[in-house]
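**Q** I have a structure I would like to understand better, so I am pasting it below and will then ask my questions one at a time.
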Amino acid sequence: MKKILLIEDNEMNRDMLSRRLERKGFEVILAEDGREGLEKLGEAKPDLVLLDVSLPVLDGFEVLRRAKAEPETSSIPVIILTAHAMDADREKSFELGADDFDTKPIDLEGLLAKMTALLEE
């Protein structure tokens, strides 16, 4: 069973997405802010991270920057999830090392396709 770390501060989004992923056979680890997300990333060593950009404590860009700078976590794929569909956000995500980018509201089938591609690499 693949482990997914979902770092999302919105309780409704976190609950909905985690339940849908669990029904698809994933083990989902949850974090509500950037600092907690980094801690769980180091502890759990997930197979993939779904990372919201707008987070309290540390924003998603800072979490991504730190995660990709650490040898223990740099190879873990990260998909940025954001309600901001701006080209600048997409570009910044990839510059910081994101493996993919998706906008909210989440299209589950599209997200699952991206996740599958990254988990099979």
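The values are calculated or read from the model by the stated rules, or taken from the named source; none is laboratory data. Computed from a predicted model, the values in this text were never measured in an experiment. Positions of Cβ are generated from backbone atoms using ideal geometry, with glycine treated the same way; all protein chains shown enter the neighbour counts.
**Q** Which one is surrounded by the fewest Cβ atoms within 10 Å (Cβ to Cβ), of the residues in the range 20-35 that are touching a strand residue (DSSP E or B) at 6+ places or on another chain (Cβ under 6 Å) and either in a loop (DSSP other than H, G, I, E, B) or small (Gly, Ala, Ser) (or both)?
**A** Residues of the range 20-35 that are touching a strand residue (DSSP E or B) at 6+ places or on another chain (Cβ under 6 Å), as a first pass: 21-22, 26-31.
This time we only want the ones that are either in a loop (DSSP other than H, G, I, E, B) or small (Gly, Ala, Ser) (or both), so: 26, 31.
On the way: PHE26: 21, ALA31: 24.
Selected residue: PHE26.
**Q** A further question on this structure: Only one of ARG90, ARG65 is of a type in the set (Lys, Arg) and at pLDDT below 95. Can you tell me which?
**A** Details: ARG65 fails: at pLDDT below 95.
Residue meeting the stated conditions: ARG90.
**Q** Let me ask something else. Return the only residue of SER74, SER93 being surrounded by fewer than 19 Cβ atoms within 10 Å (Cβ to Cβ), polar (S, T, N, Q) and touching a helix residue (DSSP H, G or I) at 6+ places or on another chain (Cβ under 8 Å). If you could, list the steps in order and put the result at the bottom.
**A** Working: SER93 fails: surrounded by fewer than 19 Cβ atoms within 10 Å (Cβ to Cβ).
Criteria check complete, one pass: SER74.
**Q** What number of residues within the range 66-93 satisfy the criterion of being assigned to a helix (DSSP H, G or I) and under 13 Å from the mean Cα position of the chain (by Cα)? Step through it out loud before you land on a result.
**A** Our first condition is that a residue be assigned to a helix (DSSP H, G or I); within the range 66-93, this holds for 66-69, 87-93.
Remaining after also requiring under 13 Å from the mean Cα position of the chain (by Cα): 67-68, 93.
Residues flagged as assigned to a helix (DSSP H, G or I) and under 13 Å from the mean Cα position of the chain (by Cα) within the range 66-93 amount to 3.
**Q** Same structure again: Within the range 97-116, take every residue that is part of a loop (DSSP other than H, G, I, E, B) and touching a strand residue (DSSP E or B) at 6+ places or on another chain (Cβ under 9 Å) and give me the one that is nearest to ARG19 (Cα to Cα). Give the steps one after another, and end with the answer.
**A** Of the residues in the range 97-116, the ones part of a loop (DSSP other than H, G, I, E, B) are 97-99, 104-107.
Narrowing the set further to residues that are touching a strand residue (DSSP E or B) at 6+ places or on another chain (Cβ under 9 Å) leaves 97-99, 104, 106.
Numbers: GLY97: 27, ALA98: 24, ASP99: 23, LYS104: 17, ILE106: 13 Å.
Filtering the range 97-116 for residues that are part of a loop (DSSP other than H, G, I, E, B) and touching a strand residue (DSSP E or B) at 6+ places or on another chain (Cβ under 9 Å), the one nearest to ARG19 (Cα to Cα) comes out as ILE106.
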